[in-house]
Structure formats: structure tokens, C-alpha cells
1. Largest first, how would Met139, Met146, Met1 line up by accessible area (1.4 Å probe)?
2. Please pull out the direction-averaged projected area of region 68-154, using the convex hull of its alpha-carbon atoms, in nm² to one decimal place.
3. Ordering Lys36, Lys135 from largest to smallest accessible area (1.4 angstrom probe), what's the sequence?
4. Once you keep just the Cα pairs under 8 angstrom separated by 6 or more residues, what percentage relative contact order results for the chain?
5. What is the local net charge at Glu48, summed over the other residues whose Cβ is closer than 13 Å to its Cβ (Lys, Arg +1; Asp, Glu -1)?
6. Can you tell which of Val94, Val64, Val109 shows the greatest fluctuation in a Gaussian network model of the chain with Cα springs below 10 Å?
7. Give me the one-decimal Kirkwood hydrodynamic radius in Å for region 105-164, with the sum taken over alpha-carbon pairs.
8. Karplus couplings for region 138-147 from phi (6.51 cos²θ - 1.76 cosθ + 1.60, θ = phi - 60°), rounded to Hz, Gly and Pro as x?
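The values are calculated or read from the model by the stated rules, or taken from the named source; none is laboratory data. No experiment lies behind these values; they were computed from the predicted model shown. Cβ atoms come from the backbone with ideal geometry, glycine included; neighbour counts cover every protein chain shown. For the accessible areas, the whole protein counts, side chains as well, though only heavy atoms, and no ligand, DNA or RNA atoms are used. Shrake-Rupley method; radii C 1.70, N 1.55, O 1.52, S 1.80 Å.
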Amino acid sequence: MFIKRLCFAVLTLTLLTTSGCGFKLQRSYSIPDALKTLNLSSQDEYSELTRLVRERLRLNSINVVENQTDIPTLRLIADSLDRTTLSLYPTGNVAEYELNYLVSFAVQVPNRESQRFDVDIHRDYLDDPRTALAKSREMELLVKEMRIQAADQIIQILASIETN
């Protein structure tokens, strides 16, 4: 009897701890049935963002088909990477940048008005001219991470779309 109560207490404590800290399973979105099959169109079919979105759609059991007019369409309109100077060294060289990655996309459900969305991601980037090679590699990794986060947010937005 004591062992059952102890197991129950430990299980309850574990559940309360994980729910209280904000823990949630990643990439488990409830996509509406109307969006389980869709067209994916993009200005550049071979871009990194298009590849990542296609991969995220596949991971969430969404069938991507080509050139059908009677199913929903996810259209990647544009993506851009901008860099803003945040601070300077006393010598006048740039010390810190803010990277802004903006993705615009639209979802068109048949017999409904197209819905346009924007995903905006920001990162700070410290620059040191003495380590230019390492910093360029770090910037590449930051941009890749920002694209992955944008693809994940596109799937999150798809899960929140009302199709009724």
C-alpha cells in the first residue's frame, strides 16, 4: 500500500514539475484535416527555406502535391535577411549587429479569401574583426537556425488556421 502511494506521489510531483516549467513536446501540432493535403508554391523551389518547410510538412503528415486547384495552397511569398548595427567599437568598427529574418507567406483555402502571414525572427550577433573567419561561420549557423525556426513557426500558424 505504501509503495503504491509513494509511486503515485512521485508521478504526481513529476507531472506538476514538468507542466509548471513550461515543458511541451515539440513538433506535435494538430493540423486541421482540410490542410492535410496542400500545394506548396514558392518563388524559388530550391531555396533552403522551401526545403525546410517541405520537410516540416512531411514530418507533420501533410501530403504535398503539385498543380491541383481544388486543395489548399501554401505560398511562400518572400524571405529576407536584414542586418542592423546595434553598437560600435571606439575605433568605429561594428561591434554588434541585429539580424532580422522576415518570411511572408499566404494560405489559400478553396472558396475562401487568402490569408497572409509574416514570421519575423531577430537575433543579436557580436562581430569581432580579429576573428573574421570564425564569425562568418557563426553567422551562417545563426541564419540556418533562424530559417529552421521560421519553418517551425509556419507549421504552427498552419495548425491555428480556421478552415470551417
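1. Largest accessible area first, the residues go Met1, Met139, Met146.
2. 6.9 nm²
3. My answer, sorted largest first, is Lys36, Lys135.
4. Computed over the chain, the figure is 22 percent.
5. Local charge sum for Glu48: -1.
6. Ranking Val94, Val64, Val109 by mean-square fluctuation puts Val94 first.
7. By the Kirkwood definition, the hydrodynamic radius is 14.1 Å.
8. Along region 138-147, the couplings run 4, 5, 4, 5, 4, 5, 4, 4, 5, 5 Hz.
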